[in-house]
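Working notes, structure below.
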Amino acid sequence: MVEKVISLICEEFGFEEDAVNGGTSLAELTEDGIELEEIIRIIEGEFYVDLSEEISGDMTVAQVAEMLE
């Protein structure tokens, strides 16, 4: 699941996949709250879940992936 989330984030935001790993925090991937909301929206759309109240910028990609399992 971590690889799916990494791939989705990289595809949508133009990051190189080797620059993002399970330990990367969402805050490292965003410049502001609007970008964080966009990441959340994209993940929710891809996995058909509602995470908006559960995700924060200090969470890692692996923690988000764990929530999706």
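A few comments on the model shown:
- Summed side-chain charge close to M1 - residues other than M1 whose Cβ falls under 10 Å, Lys, Arg +1, Asp, Glu -1: -2
- Relative to the Cα centre, the charge distribution of the chain, modelled as +1 at Lys and Arg Cβ and -1 at Asp and Glu Cβ, gives a dipole magnitude of about 140 debye.
- Among the DSSP helices (H) of the chain, those spanning at least 20 angstrom by Cα along their long axis with an average Kyte-Doolittle hydropathy of -0.5 or more are 33-47; this is a geometric and hydropathy rule only.
- Value at 222 nm in deg cm²/dmol, rounded to 500, when DSSP H runs of n ≥ 4 in the chain each add -39,500 (n - 2.57): -16500 deg cm²/dmol
- Extending 7 Å from the Cα toward the beta-carbon at both S56 and E37 defines two label points whose distance is 1.9 nm.
- Over the chain, the hull volume per residue, using the convex hull of the C-alpha atoms, is 74 Å³.
- One Cα centroid belongs to the range 32-47, the other to the range 51-69; the line between them spans 11 Å.
FYI, it's all coordinate maths here, none of it is from the lab. This one's a predicted model, so the numbers in the text were calculated from it and none came from an experiment. With ideal geometry, Cβ positions are generated from the backbone for all residues, glycine too; neighbour counts draw on all protein chains shown.
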